[in-house]
Structure formats: structure tokens, C-alpha cells
């Protein structure tokens, strides 16, 4: 079964105890995802408050927030549950296919790797 090995942000450690400084916040998140056992691949995404998203929308008028998760209020439990739901939605018969599907939501460390030397 594929799942989260670790989830963290260098901007907010420990993430489980982090309290946003205001309603307008944004974090870079890294999540290591893999099957049971050692080893996992790294995925990254932006986590932001709805207020931050609306602030950016006000400035830019249009947004295409790929690889972003937007939360009304920060909750570590909700963050983990969201990532787990996305993993379940993307899980397929092979790790390669699963990782490529996850790459739509989270930037996969090997997304541009083609295996050719």
C-alpha cells in the first residue's frame, strides 16, 4: 500500500505544531511518498490559506495554482488527510503510473527524468 512516509516544511517545523502567524500564509511542503518498507520519492507543493489565495487573485486577476493545496484554516490533520485522499485517488497498478498521477498534484522529483543517459 502506498502512503506518506514523511511530510514537512522547512518553513514551519515541526509542522504538526505550527500555528499560522495570520490568516494570510503560505508554506512549501515536501512529502515523501512510497510503498510500505524503506525508500520513498519526494513530492513538493505549495500549501496556502484561502486568504493568501484570494490576496494573490486580487493582485493578479487570474491564477493557475498548479501543485497547490488551499485550506480555509490550517490543520495538520486535514493536511495529512488531504494528501492521503490524493494518494488513494492516484494509486494504480504500478509505482511509475501512481507517481506520474501524483505529479499532477505534487511536483515529483523525477517528473522530468526519462531514464536515458
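The values are calculated or read from the model by the stated rules, or taken from the named source; none is laboratory data. Given the structure is predicted, the values throughout are model-derived calculations rather than measurements. Backbone-built Cβ (ideal geometry, glycine too); neighbour counts: all protein chains shown.
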Take residue 52 and tell me if it is under 15 Å from the mean Cα position of the chain (by Cα) and not in a loop (DSSP other than H, G, I, E, B). no
Residues of the range 1-49 that turn out to be farther than 15 Å from residue 102 by Cβ and in a loop (DSSP other than H, G, I, E, B), as a count: 18
Taking the criterion of being closer than 15 Å to residue 1 by Cα and free of Cβ contacts under 8 Å to residues at least 12 places away in the same chain, would at least one residue in the range 78-85 satisfy it? yes
If the Cβ limit is 7 Å and pairs must be 6+ apart or interchain, which residue in the range 38-51 that is on the phi < 0 side of the Ramachandran plot and surrounded by fewer than 16 Cβ atoms within 10 Å (Cβ to Cβ) pairs with which residue that is assigned to a strand (DSSP E or B) and at pLDDT below 95? 44/107
Determine whether residue 32 is closer than 17 Å to residue 9 by Cα, surrounded by 14 or more Cβ atoms within 10 Å (Cβ to Cβ) and touching a helix residue (DSSP H, G or I) at 6+ places or on another chain (Cβ under 8 Å). no
Output for the range 91-106, where each listed residue is within 15 Å of the chain's Cα centre (by Cα) and surrounded by fewer than 17 Cβ atoms within 10 Å (Cβ to Cβ): 100, 101, 104
Starting from residues that are touching a residue at least 12 places away in the same chain (Cβ under 8 Å) and in a loop (DSSP other than H, G, I, E, B), keep the ones in the range 89-103 and report whichever is nearest to residue 23 (Cα to Cα). 103
Search result, residues across the range 72-88 that are touching a helix residue (DSSP H, G or I) at 6+ places or on another chain (Cβ under 6 Å) and either part of a helix (DSSP H, G or I) or closer than 11 Å to residue 47 by Cβ (or both): 76
